[in-house]
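The values are calculated or read from the model by the stated rules, or taken from the named source; none is laboratory data. Since the model is a prediction, treat every value here as computed from it, not as a measurement. A quick note on method: Cβ atoms are made from the backbone with ideal geometry, for glycine too, and the neighbour counts reach across all protein chains shown.
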Amino acid sequence: MTTKSTGAKRQVFSENRNLWSGLLFGVGLAAFLDELLFHQLLRWHHFYDKSTTDIGLISDGLFHAFSWFATIGGLFILADLRRRGVFSLKRWWSGVLLGAGGFQLYDGTIQHKLMQIHQIRYVENIMKYDLVWNGSAVIMILAGLFLLKRTRGEKRVVDGRG
Amino acid sequence: MGEANHSTHPDVIGIVPQILLALPFAIVLILYILAVIRSNQRYKQWPMYRITCWILGAIFAILAVAGPVASLGHMNFTAHMVGHLLVGMLALLLMALAAPVTLMLRTLPTATARKVSKVLQSLPSRFVTNPIVASILNIGGLWFLYTTNLYSLMHESIWVHLIVHFHVFIAGYLFTISIIYIDPRPHRFSFWYRSVVFIIALAGPGILTKYIYAYPPLGVPKEQAESGAMLMYYGGDAIDIILIFILCFQWFRATRPRLSLAERT
């Protein structure tokens with residue numbers, strides 16, 4: 001009786017942990033790629049845009065700090081899951097896709113548009129860029145949800161150390 | 001314009017304030033080494049990496065407050081930010097990693113060490129090392145420095161200059177030891193609590209540097225404010241990674257699964 005309930009508890013614990021680790025890493029990864037590709041390499045994004053609102057600056061600062069922490073923290077949780085032998089790659093990937101897609105959608109709608117922190121690129125027809133940006137975010141979220149649904153309860157079979 | 005303005009106040013970049021700022025670091029550097037030599041005679045060898053951390057930390061701090069970087073920092077905002085990264089972040093992280101309090105406690109005679117640990121457990125000491133209080137002292141101090149006329153005052157008065165430097169160092173040190181636990185601590189906060197405070201605190205300088213980029217402090221030319229702010233933003237990130245890594249690693253070690261006898265192989 002006790003072993004069964006601790007087993008079930010462990011199961012929920014590892015399912016959630018796998019998802020959380022992926023979510024954190026996904027947010028961190030999306031923010032890192034945003035910085036690397038669009039700020040540094042392509043130089044499409046601006047460090048600071050004159051139209052940035054105060055709340056935009058705060059949101060940007062908080063997300064920047066959070067994403068740094070999330071990347072490293074997410075990977076440490078992954079290491080912990082592997083150490084416990086309960087890591088599930090699919091479950092983790094569903095988290096990564098949800099995290100990355102969620103961040104990109106937030107960045108593309110609220111941060112870029114509502115808070116005006118900066119635009120994707122300073123060109124005439126920005127609409128195309130916005131569509132691709134937010135469209136890819138939605139695709140990532142849908143893929144994440146699909147994986148999430150498929151991996152629910154899956155760990156029951158794989159439970160145990162291995 | 002800003003350069004001409006600052007060079008009319010050569011007293012602040014003179015040799016005296018530089019010595020006054022560098023002297024405490026030189027003293028603690030020597031004290032630390034003496035403490036290591038003395039306590040090694042009674043206890044097991046003090047780890048080499050801690051000694052290295054302390055020496056490097058003290059040297060970075062001295063380099064930032066005296067010598068070419070310090071002199072340049074009074075005329076050029078970007079150089080000022082290099083100094084700030086060196087002393088305000090890197091030096092004190094290294095010095096915190098050197099576990100000076102542990103070393104002090106094992107070097108002092110038992111009775112004195114007890115008194116010291118009583119002071120460390122006292123309410124004021126616990127107050128200033130509370131993560132939230134330490135964050136406000138640290139990040140709030142920086143906001144105050146760069147968004148009021150304090151920054152330009154700092155270049156006119158030796159006293160303001162000295163106080164600002166010591167505040168930045170002490171508040172930064174308190175902040176570091178309030179987030180990562182190296183030395184013994186009377187009251188420990190959970191990893192969750194420290195992580196959340198840490199993330200909010202890290203956002204502070206990020207927001208501040210973009211603010212400086214947009215609104216340069218009094219007497220700082222626009223280009224210098226922009227390059228200085230970007231240096232602070234990305235340089236700060238690099239040092240933040242180390243802090244985050246240490247905090248997460250401490251969590252990783254603390255949360256390791258303890259196997260029951262049956263599970264051990």
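Could you grab me the full set of residues in region B:81-128 that are within 20 Å of B:PRO24 (Cα to Cα) and in contact with a Gly (Cβ under 7 Å, 6 or more places away or on another chain)? Once the filter is applied, which keeps residues that are within 20 Å of B:PRO24 (Cα to Cα) and in contact with a Gly (Cβ under 7 Å, 6 or more places away or on another chain), region B:81-128 yields B:GLY83, B:LEU85, B:GLY88, B:MET89, B:ALA91, B:LEU92, B:LEU94, B:MET95, B:ALA98. When each of A:TRP68, A:TRP44 is tested for being assigned to a helix (DSSP H, G or I) and not acidic (Asp, Glu), the lone residue that passes is A:TRP68. Scanning region A:74-88 for residues that are more than 10 Å from chain B (Cβ to nearest Cβ) and surrounded by fewer than 17 Cβ atoms within 10 Å (Cβ to Cβ) yields a single hit, A:ARG82. Just name the residue that is modelled with the lowest pLDDT out of those in region A:47-65 that are more than 16 Å from B:GLU226 (Cβ to Cβ) and in a loop (DSSP other than H, G, I, E, B). Here the answer is A:SER51.
Okay, residues lined up against (1) surrounded by 15 or more Cβ atoms within 10 Å (Cβ to Cβ); (2) charged (D, E, K, R); (3) within 12 Å of chain B (Cβ to nearest Cβ):
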position: A:GLY22; (1), (2), (3): yes, no, no
position: A:ALA31; (1), (2), (3): yes, no, yes
position: A:LEU37; (1), (2), (3): no, no, no
position: A:PHE47; (1), (2), (3): yes, no, yes
position: A:THR52; (1), (2), (3): yes, no, yes
position: A:LEU57; (1), (2), (3): yes, no, yes
position: A:PHE66; (1), (2), (3): yes, no, yes
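Only one entry of B:ILE199, B:ILE163 meets the criterion of being in a helix (DSSP H, G or I), touching a helix residue (DSSP H, G or I) at 6+ places or on another chain (Cβ under 9 Å) and hydrophobic (A, V, I, L, M, F, W, C), and that entry is B:ILE199. Restricting to region B:177-200, and then to whatever is under 14 Å from the mean Cα position of the chain (by Cα) and more than 20 Å from B:VAL116 (Cβ to Cβ), can you tell me which residue is surrounded by the fewest Cβ atoms within 10 Å (Cβ to Cβ)? The extreme case among them is B:ILE180.
Does B:VAL101 count as buried (at least 20 other Cβ atoms within 10 Å of the Cβ), in contact (Cβ under 8 Å) with a residue 60 or more places away in the chain and β-branched (Val, Ile, Thr)?
Against the criterion (buried (at least 20 other Cβ atoms within 10 Å of the Cβ), in contact (Cβ under 8 Å) with a residue 60 or more places away in the chain and β-branched (Val, Ile, Thr)), B:VAL101 does not qualify.
Taken together, the residues in region A:89-108 that are surrounded by fewer than 21 Cβ atoms within 10 Å (Cβ to Cβ) and of a type in the set (Ser, Thr, Tyr) amount to 1.
Listed by first and then second residue, the pairs linking a residue in region B:232-258 that is more than 7 Å from chain A (Cβ to nearest Cβ) to a residue that is crowded, with 19+ Cβ neighbours inside 10 Å and among the basic types (Lys, Arg), with Cβ atoms under 8 Å apart and 6 or more places separating them unless they lie on different chains, are B:TYR233/B:LYS210; B:LEU247/B:ARG194. Scanning region B:220-255 for residues that are buried (at least 19 other Cβ atoms within 10 Å of the Cβ) and outside any helix (DSSP H, G or I) yields one hit, B:VAL220.
Regarding B:PRO205, is this residue outside any helix (DSSP H, G or I) and either at pLDDT 90 or above or not hydroxyl-bearing (Ser, Thr, Tyr) (or both)? It is false that B:PRO205 is outside any helix (DSSP H, G or I) and either at pLDDT 90 or above or not hydroxyl-bearing (Ser, Thr, Tyr) (or both). Exactly one residue out of B:LEU202, B:LEU162, B:LEU174, B:LEU145 is touching a Phe, Trp or Tyr at 6+ places or on another chain (Cβ under 8 Å), in contact (Cβ under 8 Å) with a residue 12 or more places away in the chain and more than 14 Å from chain A (Cβ to nearest Cβ): that is B:LEU145. When B:MET95, B:MET154 are checked against the criterion of being out of contact with any Pro (no Cβ under 8 Å at 6 or more places or on another chain), buried (at least 20 other Cβ atoms within 10 Å of the Cβ) and at pLDDT below 85, a single residue qualifies: B:MET154. A:GLY102 versus (1) among the small types (Gly, Ala, Ser); (2) at pLDDT below 90; (3) in contact with a helix residue (DSSP H, G or I) (Cβ under 8 Å, 6 or more places away or on another chain): which is the lone unmet condition? Among (1) among the small types (Gly, Ala, Ser); (2) at pLDDT below 90; (3) in contact with a helix residue (DSSP H, G or I) (Cβ under 8 Å, 6 or more places away or on another chain), the lone unmet condition for A:GLY102 is (2).
Identify all residues within region B:31-85 that are part of a loop (DSSP other than H, G, I, E, B) and surrounded by fewer than 19 Cβ atoms within 10 Å (Cβ to Cβ); write none if there are none.
Residues satisfying the conditions are B:GLN41, B:ARG42, B:TYR43, B:LYS44, B:GLN45, B:PRO47, B:GLY67, B:MET75.
Here A:LEU42 fulfils each of the conditions (1) crowded, with 21+ Cβ neighbours inside 10 Å; (2) away from chain B (no Cβ under 14 Å); (3) modelled with pLDDT under 90 apart from (1). Screening A:MET127 with (1) touching a residue at least 12 places away in the same chain (Cβ under 8 Å); (2) in a helix (DSSP H, G or I); (3) more than 28 Å from B:TRP251 (Cα to Cα) gives one miss only, at (1).
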